[in-house]
Amino acid sequence: MAELELEKIVGSEYVFDHPTFLDEYAEDLSFNPRIKPKGIVRPANTDEVQRIIQWANKTQTPLIPISSGPPHFRGDTVPGIDGAIIVDLSRMKRIIRIDPKNKIAMIEPGVTYGELQSELAKHRLCAYMPLLPRRSKSVIGSTLEREPIIRPSHHWDSTDPFLCAEVIFGTGDKFRTGEASGPDTVEEQWEMGRFQMNPFGHSHIDFQRLISGAQGTIGMVTWATLKCSYLSEISRALLVPSENIEPLLELGYLFTRFRLSGALFILNGLNLACLLTHEPDEINKLRNLFPSWILFTSFEGYGILPKEKVEFEETDFRMMAQSCHLHPQDQIFGVKADDLLKLLSRPSTEPYWKMRFKGGFQDLFFLTTLDKTPRFIHTISNLSSLYGFPSEEIGVYIQPIVQGTSCHCEFNLYFNPNQINEIEGTKKFILEASKEIANHGGFFSRPYGGWKEVAYSKARGTLAMQKKIKQIFDPNGILNPGKLCF
């Protein structure tokens, strides 16, 4: 009966209930329990999404929204309960509008980074990218998850580059956030010279933050506008090696304080090797050559006098590095900084870079400030010894965000997914590590899987507030139940 109703909405060719298809969505690469969905539906437009949500309210059917393609990693796409329908938004691939003057793209949730970058390049623009996303990653999905972009001086708010959106709430009501909220249609707004740039609505309620980071538990976004950047006419990149992380952190603060415009992040040697090569033996060979820590930065030339812009930014950066007793280099052990910069402008090649070392991984990430990251690194190192997780198989990625006022700190725990002992060891380690991180002040702004209980145990007020918001915007609890605190 459910399949017949959904076929009336999207067509029979876009409703799937064959066991082979269902098995693909029953689990991912996380440690979440395997639960097979009841079916899969792939809508083509906003109207179909709205009708699906209205149908789900009538039938009390749980819906799990997905916009990225496989592989999935964090358990947010696996049903939390039996009887759920997967709503796969990957058919919705329109790049609705690109506004070169205001540097804005309006896109649907099925658009991936590779697709968006190709179209933006025709307008001399580029997307704000996270660190080498997988090829199947939805741009809107990444933005809603608040994955950090690698250009911290262009990151003014935790939700950047997310601007306005059209969302179907769990009630089945369609709503446009921010400047897009109306009362006119978006087409009429374009005629009046409005471009869906401002994420704050007329009532000054920031509805954007209700859906950001909510893992599809409040509503489904059917299009969004995103900030873009000018495509560089000329660019340069440098690698800054160091055996100690503290000088690199000091340099990171200087970079963001003086608003240098390019990319900046810090990796340990293992993660840099994973970015650059594909085979485990090659990764080991490279990581043994690399220093313990490497800061990557770039200088982007666009607008008036692009060549001069790159030259003065690089000169300023080298002076900053010198004051920190650091020595920027064009290349390290044959690895050219400019070659890495080219890699960062597009999605990861296959296999996804975090799967290259041992085949499996688990991420543990949270927000803190740059100056506190050594404490967390020390904590993870001590725990790895205590719980028998090899410290040499832990990648580290530190990304300044929001103008350098805070940072995304990420530990990548690599393991062999075919070895039961490694799986069990990783499960135990990540649970204990998340507790210690929370005890030391790390903030889990994006609670997934086992961190969920740890995160909410430290925020009872937030827990109560989010439950009230859920009751308002999804009173029947049909959207991704069980993923957060409800």
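The values are calculated or read from the model by the stated rules, or taken from the named source; none is laboratory data. Everything quoted here is computed from the prediction, not taken from an experiment. Every residue, glycine among them, receives a Cβ derived from its backbone with ideal geometry; neighbour counts consider all protein chains shown. Calculation scope for accessible area: heavy atoms of the full protein, side chains included, ligands and nucleic acids excluded. Shrake-Rupley method; radii C 1.70, N 1.55, O 1.52, S 1.80 Å.
Below, the figures for the structure above:
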read-out	value
Cα-based shape type of segment 400-486, given that a ≥ b ≥ c are square roots of the gyration tensor eigenvalues and the cut on a/c is 1.5	oblate
Compactness of segment 325-439 - radius of gyration and Dmax, Cα, Å	16.0, 45
Approximate spin-label separation ASN244-LYS36, in nm, with each point projected 7 Å along Cα-to-Cβ	5.8 nm
Inter-part distance where segment 298-327 and segment 414-458 are each reduced to a Cα centre, Å	39 Å
Pair ILE420, ARG318: separation of 7 Å Cα→Cβ label points (nm)	5.9 nm
Value of relative contact order over the chain, rounded to a whole percent, pairs C-alpha under 8 Å and six or more apart	17 percent
Inter-site label distance for LYS427 and HIS378 at 7 Å from Cα along Cβ, in nm	3.3 nm
Percent RCO, i.e. relative contact order, over segment 20-112, from Cα pairs under 8 Å lying at least 6 residues apart	32 percent
Rounded Å value of the spacing that divides the Cα centres of segment 25-42 and segment 247-265	41 Å
Segment LYS93-ILE81, extension gain: residue separation times 0.36 nm, minus the distance between their alpha carbons	1.4 nm
Virtual paramagnetic centre 7 Å along Cα→Cβ of LYS336, amide N under 16 Å, in segment 260-276	276
Computed E for LEU22/GLN60 - FRET, C-beta separation, R0 22 angstrom, nearest 0.05	0.65
Potential lengthening between SER391 and GLU187 on full extension [0.36 nm per residue; Cα-Cα distance subtracted]	68.0 nm
Highest-first arrangement of 183-193, 116-126, 455-465, 159-169, where packing means the average Cβ count within 10 Å	159-169, 116-126, 455-465, 183-193
Options TYR25, SER345, LEU289, ranked by Cα towards positive dipole end of the chain, top entry (Cβ charges)	TYR25
Length added when fully stretched, GLU350-LEU289, from 0.36 nm per residue minus Cα-Cα	19.6 nm
Student exercise, the chain dipole from Lys, Arg, Asp, Glu Cβ charges, in Debye to nearest 20	640 debye
Heavy-atom accessible area per residue - segment 314-417, 1.4 Å, Å²	41 Å²
Pairs beyond 26 Å (Cα-Cα), from LYS8/LYS36; LYS309/LYS336; LYS38/LYS483; LYS342/LYS452	LYS342/LYS452
